[in-house]
Amino acid sequence: MRCSCPPAPTRRTEARLRAVVRTSSSARTTATSTTTERTSSTPRCPIRAAAAATGAALPWETTSSTSPAMRHVKRSPIPTGMPGSTGVATRRTTNAPGRPLPSSGPADTAISGSGPTPFPAASRPLRNLSRTSLPRGPGDAGVFCYGYPSSFMTAWMVLAFAAAMAAREPAALSVGTATAAPGRRVFGAIEVPAGVDAATRIDVAVIRGTKPGPVLALVSGAHGTEYASIVAVSKLVSAIDPAALSGTVVLVPLVNVASFEQKVPHVNPVDGKSMNRFYPGRMEGTQTERASFLLTREVVEKCDHLIDLHGGDLDEDLRPYSYWTKTGNAAQDAVSREMVLAFGLDHVIVSTDRPKDPQASRYLENTATTRGKPSITVEAGHAGTVEPDDVAALVDGCLSVMRYLKMLPGAPTRVEHPVWIDSVKTVASGETGLFYPTVRRGTYVAEGMTVGYVTDFVGRRIFEARAPASGVVLYVCAVPSMKKGDTVANVGTIAASPP
C-alpha cells in the first residue's frame, strides 16, 4: 500500500497557500508562512522519516496487497491519552470568518468495519490516528506545514517517544529457553542433547532489571555434592528483586545434575569427568564436554561478569576462600580484584598459572576471564553440609558484588585486609587405607608438620602426611576412605605482600 499522506506542495501550490495565508488570521499567517520548497533530500512523509530514524516498519507495509487504502471520516474520536485529545475531532468548515475552505475532491468515506486496518493491531494508538480527519486543502485546520495533517505529526511524535524509551530500557535477554524482558524473572533450561551418551537438562533463571546495567552470571553445582553453593544460588533466585535491579543476573544453580542425583563427588558419573575441567567444551564430546560447550555459549558469551561458586565436596573439610586470577590486563584485573574484595571472604588465592588460551581454558571462571570478562571463583561449605553461615557467606557475597557493579543500590561490604595466598601445595596419600586427620580446616601449620596419617584395614600406621610448606590448611580430607594418590590436604602459602 502506498503512503496516503498529501504530496509535498509544488511551486503552484505554494502560491495558492500564500494567497490563502494572506487572508487568514495573523496566527495562521505565522504558522504557514514558514512553508518553503522541499528539496529532494527531505522525506516527504513524517512517518517515513520517523520510521527511518527508529528502524520501525512503515505502518502501511504491514497490510496485505489487497488491503483497502486509507480512507478518512469527517468526525472520529481522537485516541484517549494522545496529545491534544479533547474527545472528538471535527473538521473545520471555514478557513477564516465567512470564508469557505477550498475543496480537493469528493467527500470522505468511513473506514469499513471489515478487513485489516491501515496500522498493525499491536500499534493501537497509531492505528486510531488513521481515523482522525484529514484536510481537504491547504487551508484546513489539520494542516501543520507543507500540507501535512497534524495527526501525522502526532504519529511522528509518538514514534520518536517510543524510540527514546526503547533506548533507555534494557532489551530482553535469552539464555537457553528462558527469555526475560525488563522487570521480569523467568525460568528455563539449557538442553544438552544426547550424543555419545545421555542427554541432560540444566535449569536456569534469568532476572532482568528495569534499568540498564551489566550482565552477571552466578553458576554453581559443577560438583553436585557441594551443597552449600547450590543452595545459595537457588536462594538468590527469589532474593533478587527485578524492580530494584540494574542489568541482568543469570543464575545456574546446578550444572552437574547426575552427580547431585547419585551423590557422587568430584565428577559427572555419566562419563567420569569433572565438570570444571573441560571448558570451553565441544558438541562432539561426552556429556560433560557438551554441557561445557553450551554453558560457554549460553552463559559465558552473554555475560559481562561471572562468579563460579563452589564449596567442600562430600570428602572435603574446607574453610571459605576465593580465587582471583591475575591476567596481566590491568583494567580487567582491577575490576576482578574489586569483585573478590567485595565478595568478602578473607582468604584469597592469587592464580597466575591458569591457561591463557580461550580455546583451552579448562575452568569455567577462566573461560570467562580469557574472554575479557572479569570473573572470580569462591568456595564455602564443607563435607557436604549446608551450614547457615556458609550459605549466608555465599549469598551475601554475591549481593555485595552486585552493589559494587552498581546493579543494586547501596555500598558493597568489602574485606579490607584479606590474607593473600600466592600458591597452594597439595599433600597426596602414599598408601591406601583409613585416613585420620590431625589438623582442622583453617589451621596454620609449619613445614614438615603432620597433617594426618593412614593405616591399613587392621589398624597399622602405614603412611604419615606432612605439610610441604608453611601456611594455612585450606581443606583436609573429611572421610576415612583413602587410596594412594588421593589428596590428603591443601596448604596455602601466605604471600609476603598484597598483590
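The values are calculated or read from the model by the stated rules, or taken from the named source; none is laboratory data. Note that this is a predicted model, so its numbers are computed, not measured. For neighbour counting, all protein chains shown are included, and Cβ atoms are generated from backbone atoms with ideal geometry for every residue, glycine included.
Tabulated values for the structure
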item: Top-ranked residue of region 306-320 - restricted to ones that are surrounded by 24 or more Cβ atoms within 10 Å (Cβ to Cβ) and not charged (D, E, K, R), ranked as farthest from Ala383 (Cα to Cα); result: Leu306
item: Qualifying residue in region 394-412 (condition: among the charged types (D, E, K, R), farther than 21 Å from Tyr323 by Cβ, assigned to a loop (DSSP other than H, G, I, E, B) and in the same structural domain as His347 (by TED's automatic domain parsing)); result: yes
item: Residues (within 27 Å of Asp315 (Cβ to Cβ) and surrounded by fewer than 18 Cβ atoms within 10 Å (Cβ to Cβ)) located in region 235-259; result: Lys235
item: Qualifying residue in region 266-274 (condition: in contact (Cβ under 8 Å) with a residue 60 or more places away in the chain and within 29 Å of Cys477 (Cα to Cα)); result: yes
item: Residues within region 330-384 that are in a loop (DSSP other than H, G, I, E, B), in contact with a strand residue (DSSP E or B) (Cβ under 9 Å, 6 or more places away or on another chain) and among the basic types (Lys, Arg), tallied; result: 2
item: Subset tally (residues that are among the basic types (Lys, Arg) and either modelled with pLDDT under 95 or in a strand (DSSP E or B) (or both)) for region 447-461; result: 1
item: Residue list for region 425-446, restricted to those being in a strand (DSSP E or B) and either outside the structural domain of Ala467 (by TED's automatic domain parsing) or within 14 Å of Cys477 (Cα to Cα) (or both); result: Thr426, Val427, Ala428, Gly433, Leu434, Phe435, Tyr436, Pro437
item: Residue within region 286-300 that is in the same structural domain as Ala383 (by TED's automatic domain parsing), farther than 17 Å from Leu364 by Cα and small (Gly, Ala, Ser) present; result: no
item: Among residues of region 282-305, those that are touching an Asp or Glu at 6+ places or on another chain (Cβ under 7 Å) and either aromatic (Phe, Trp, Tyr) or surrounded by fewer than 23 Cβ atoms within 10 Å (Cβ to Cβ) (or both), counted; result: 2
item: Subset of region 443-461 that is surrounded by 17 or more Cβ atoms within 10 Å (Cβ to Cβ) and of a type outside the set (Ser, Thr, Tyr) - its residue that is farthest from Val348 (Cα to Cα); result: Val454
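Yes/no matrix, rows are residues, columns are (1) out of contact with any Ser or Thr (no Cβ under 8 Å at 6 or more places or on another chain); (2) closer than 19 Å to His223 by Cβ:
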{"position": "Asp317", "(1), (2)": "yes, yes"}
{"position": "Ala368", "(1), (2)": "no, yes"}
{"position": "Gly384", "(1), (2)": "no, yes"}
{"position": "Pro388", "(1), (2)": "yes, no"}
